[in-house]
Amino acid sequence: NPAEAEAILFDALNAENIENGVLACRIEPVEIVELARDTALLCAGDAAINKVRFEIVDEAGSAMVEADPRRLQEVLRNLLGVSSRFSPVGATVFLGLRKASGSVRISVSDSGTGSDVQHGDADGMHGAQQGDAGTGLELDVARAILARHKSELQIDARPGHGTTVWFELPVLSD
């Protein structure tokens, strides 16, 4: 599959850039809900392949954050892709945005296999599944990008109950 090969190469190149400390970010004001909607549309093919659907839960309104839109979209693509692969056929993967206490929490929740990892540890986000097409680098890439945005990837997961991965970004003052 050419698209899968391209994704693997892209993840490998990103991982190499991260290891070498070369991860360029262009920080600018970004309307986070619009970026999330655009990213979900870009990932619709992944959802269709994995027979799941994406739903955006917008509780942030028109919140503006400072971020590199291309890199932040990469984080969301990685998280949506992993969640769609580990969700059962017919499931909904939720992309949530919630404004609270001067920040926006962006979350991706699925009803997949979950895992027994402790909160805050993204290693082993989902139990290993036979036939997983991911590179295993998606979460490392997401962590590195979020670190450049002064944020951290967090996780809530329980075996058999799915996984929620989230991070927060400060809201720009109105």
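Just so it is clear, none of the values below were taken in a lab; they were calculated from the coordinates. The shown structure was predicted, so the numbers you read here are calculated from the model rather than taken from an experiment. Note that each Cβ is placed from the backbone with ideal geometry, even for glycine, and that neighbours are counted across all protein chains shown.
Taking amide H as placed 1.01 Å from N in the peptide plane, the amide H of residue 57 sits under 5 Å from that of 95, 96, 97, each at least 5 places away or on another chain.
Calculated FRET efficiency, residue 37 to residue 158, Cβ-Cβ distance, R0 = 25 Å: about 0.30 to the nearest 0.05.
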